[in-house]
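Enquirer: Structure provided below as structure tokens; questions to follow.
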Amino acid sequence: MVIMKGMKFRILIPLLCFFLLACGLISPTVVTPVPITPVAAATPFLFPSPSAIFLEPTPTIAPPPTLTLVPTDLSITEDHFFIYPVAEIYAGERVTFQVFPFVPEQLNPHDVELVILVEGTTLVDHRLSGRNLNGDAMGLFEWVWDTTGLDGEYEIEVILDPRGRIIIGDENLDNNSLTVTVTVQPRSAPPASWVSIETNYAILYAISGTAAERDLLFLSGEIDRAIQQAMDILQETPQRKYEFYFINRVIGQGGYASSVITISYLDRHYAGKGLYEVLMHEAIHLLDQQFAPNRLTFWAEGIAVWGTGGHYKPENLDRRAAALLQTTYYVPLAELINNFYPAQHEVSYLQAASFFGYLVRQYGWPQVKTFYGSMDTRGALNQAEAVSLHLQTHFGKTLPQLEEEWLAYLSRQPWNSQDLNDLLTTIRFYETMRRYQNLHDPTAYYLTAWLPYPPAARERGITADLLRQPIAEVNVTLESMLVSADLALREGDFGRANVLLDSVNRVLDNDGAFLDPLAADYWRLVQAAAALGYEVQRISINGSQATVLITEPNSPHLVSLQFRLNNQGWMLAQ
């Protein structure tokens with residue numbers, strides 16, 4: 001790596017390499033795919049039966065604290081420069097750059113200029129975009145490098161404040177730049193393409209050769225069912241056909257909405273398998289824009305979870321919220337409304353949904369719909385004050401008054417250890433999942449993820465940014481473990497789910513080393529399948545036997561393999 005004189009550097013180029021070709025050593029049986037539904041796993045021999053009630057958050061979720069030097073002036077370091085597509089770049093693809101430099105509070109990111117050069121030629125000469133949900137300065141430059149006709153190694157330079165216009169807040173000029181070498185691979189196969197199907201209410205898009213294309217007919221039926229249910233609940237008719245894009249990688253929690261809906265759909269979906277809940281949630285987001293153009297985040301997410309009847313699966317939201325009150329997680333509503341996204345994700349969505357449902361129960365949907373659709377923050381100091389004033393106007397009570405009534409209502413709801421275990425294991429699962437993303441799949445982590453606008457990608461014939469994902473051994477192994485933990489959670493086997501989450505966190509604690517026996521078994525199975533040319537999608541371990549669902553190169557079809565553990569390790573069962 002070359003470092004420009006008088007400046008500083010920083011980059012993270014995402015990871016990876018793909019699993020390849022079958023060796024023809026066996027004749028695997030092709031499984032008729034059950035779309036995105038996990039194969040039921042037998043109880044592994046290491047898993048205890050669920051018994052404990054986890055009343056407090058487990059300390060293994062967060063990594064141990066480390067002493068780091070916090071920069072004090074404008075700077076850029078190598079851990080927050082992202083290049084897309086992740087993994088490999090092939091000649092002919094358009095490359096996107098994303099930067100997260102440190103910008104002191106006294107500086108406005110919009111005032112910070114930067115340039116990005118490839119082999120000395122300026123591709124970007126612009127300013128930073130602003131700050132993200134976490135308050136970090138960022139710059140996003142979509143599809144700015146056309147690699148048509150290019151392959152080989154290229155030197156990329158990023159320079160902050162290249163003209164030296166910032167004095168206060170940029171005292172050290174030695175940390176203003178980075179240089180990195182990127183390899184563009186020669187194109188060896190035609191790129192994937194977009195395919196589509198139209199339904200009564202929607203147009204579905206998927207990428208060729210993916211699980212979504214394989215299951216497109218199934219998805220079309222699920223989407224129409226979800227939109228119809230959302231229409232019935234909101235008493236609202238769509239004004240157009242909605243566009244749904246199914247992508248082959250996890251981004252954030254597995255879905256995001258703008259004027260179209262983008263949903264992660266892949267066999268190794270490590271962010272959870274609640275497909276129908278995601279479809280319902282996002283359909284509600286589309287429909288409520290028609291009558292609530294100025295909705296606040298707290299209400300928008302609350303109505304989506306309430307209307308869906310759960311966040312990741314069908315749930316009794318009031319029992320779940322009552323169980324939440326037995327923990328230290330509860331966030332006062334005014335605080336939550338003003339700082340919704342920084343709050344713990346599962347808690348914020350649950351509280352918003354339960355409180356919204358309480359209003360509907362007390363005042364009826366027509367009156368609450370009018371309240372929701374006429375939200376206005378003008379003249380208020382913050383969102384919580386605006387909500388309180390708006391509640392008083394429509395229902396004659398302030399936010400504190402209604403919160404007190406709602407909490408009293410929750411205190412009368414029955415809850416049991418199953419409700420509490422489910423809630424706390426769900427929180428732990430998603431905290432672990434996000435920790436995995438932050439450490440090993442950072443381009444998917446919600447605070448740093450780029451959310452491409454799929455129609456723009458489709459118009460340009462771009463698929464790579466919505467197709468590829470990290471597939472190094474550590475990624476495939478930990479994602480397979482998360483898939484297993486999610487399945488155990490959905491089956492109510494909280495003991496097994498927490499054993500798996502313990503194991504995942506130990507790997508994360510040890511910089512990706514598989515020292516934990518359970519994690520080591522998953523890792524060796526991933527290696528054994530890769531040695532045969534397969535990519536693992538899901539793993540189920542039962543004592544000394546394991547069922548592994550794999551895909552072969554250039555095929556989205558799931559194949560079931562049986563492995564046995566012996567003195568030589570995990571071997572394919574004959």
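Enquirer: Take the stretch 81-185, drop everything but the C-alpha atoms, weight them equally and run the Debye formula without solvent; then report log10 I(q)/I(0) at 0.21 Å⁻¹ to two decimals.
Expert: -1.10
Enquirer: For Cα pairs less than 8 Å apart in space and 6+ apart in sequence, what is the mean separation divided by the residue count of the chain, i.e. the relative contact order in percent?
Expert: 19 percent.
Enquirer: Tally the DSSP beta bridges in the stretch 81-185 and give the antiparallel ones as a percent, rounded to 5.
Expert: Details: 30 of 32 bridges.
Of those bridges, close to 95 percent are antiparallel.
Enquirer: Scan the chain and report its longest stretch carrying no trypsin sites (Lys or Arg not before Pro) that are both in a DSSP loop and have at most 13 other Cβ atoms within 10 Å.
Expert: Looking at the chain, 6-162 is the longest stretch - no exposed trypsin sites (Lys or Arg not before Pro) with at most 13 other Cβ atoms within 10 Å.
Enquirer: Grab the other residues whose beta carbon is less than 13 angstrom from that of residue 318, score K and R as +1, D and E as -1, and report the net.
Expert: Once positives and negatives cancel, what remains is +2.
Enquirer: Hey, another quick one. Enumerate the amide H contacts of residue 537 below 5 Å, restricted to partners 5 or more residues apart or on another chain; note that Pro and chain-start residues carry no placed amide H.
Expert: For residue 537, the qualifying residues are 549, 550, 551.
Enquirer: Compute the FRET efficiency between residue 208 and residue 181 as 1/(1 + (r/R0)^6), taking r as their Cβ-Cβ distance and R0 = 22 Å, and round to the nearest 0.05.
Expert: Details: r = 32 Å, r/R0 = 1.44.
According to the calculation, E is roughly 0.10.
Enquirer: Follow-up question, since we're still on this one. Which whole number of Å³ per residue matches the convex hull of the alpha-carbon atoms in the stretch 165-223?
Expert: Residue-normalised Cα hull volume stands at 228 Å³.
Enquirer: Continuing with this model, one more query. Which distance in nm do the two modelled labels at residue 573 and residue 330 give, with both placed 7 Å along the Cα-to-Cβ direction?
Expert: About 5.0 nm separates the two model spin labels.
Enquirer: Taking amide H positions as placed 1.01 Å from N in the peptide plane, with prolines and chain starts having none, which residues 5 or more places from residue 103, or on another chain, fall under 5 Å of its amide H?
Expert: 137
Enquirer: Go through the stretch 306-381 and name the chymotrypsin sites (Phe, Trp or Tyr not before Pro) that are in a DSSP coil and have 16 or fewer other Cβ atoms within 10 Å of their Cβ.
Expert: 330
Enquirer: Tell me, what is the FRET efficiency for residue 565 and residue 361 to the nearest 0.05, using R0 = 45 angstrom and their Cβ-Cβ distance as r?
Expert: Step by step, r from the Cβ atoms, then E = 0.25.
Enquirer: Using the basic label-point model (7 angstrom from Cα toward the beta carbon), what is the residue 407 to residue 72 distance in nanometres?
Expert: The answer from the label model is 4.2 nm.
Enquirer: Pull up all non-local amide H partners of residue 129: gap of 5 or more, or a different chain, and H-to-H distance under 5 Å with H placed in the peptide plane.
Expert: 138, 139, 140
Enquirer: On average, how much area does the Cα convex hull of the stretch 156-199 cover when viewed from any direction, in nm²? Write down the numbers at each step before the final one.
Expert: Working: hull surface 30.7 nm².
One quarter of the hull surface, i.e. the mean projection, equals 7.7 nm².
Enquirer: How many nm separate the modelled label positions at residue 131 and residue 228, each set 7 Å beyond the Cα in the direction of the Cβ?
Expert: About 4.7 nm, to one decimal.
Enquirer: Still on this structure, I have one more. For the stretch 97-130, which GluC sites (Glu not before Pro) pass both filters: DSSP loop (anything but H, G, I, E, B) and at most 13 other C-beta atoms within 10 Å?
Expert: 105, 119
Enquirer: Also, I was wondering about something else. Run the numbers for residue 459 and residue 339: contour at 0.36 nm per residue of separation, minus the present Cα-Cα distance, in nm.
Expert: Taking residue 459 through residue 339 to full extension adds about 39.6 nm, to one decimal.
Enquirer: Okay, next question. Send over the per residue convex hull volume for the chain, Cα only, as a whole number of Å³.
Expert: Convex hull of Cα atoms, per residue: 162 Å³.
Taken together, the values in this text are just the output of simple stated rules run on the coordinates, not laboratory data. What you see is a predicted model, and the numbers here were worked out from it, not measured in a lab. So basically every Cβ, Gly included, is an ideal-geometry build from the backbone, and we count neighbours across all protein chains shown.
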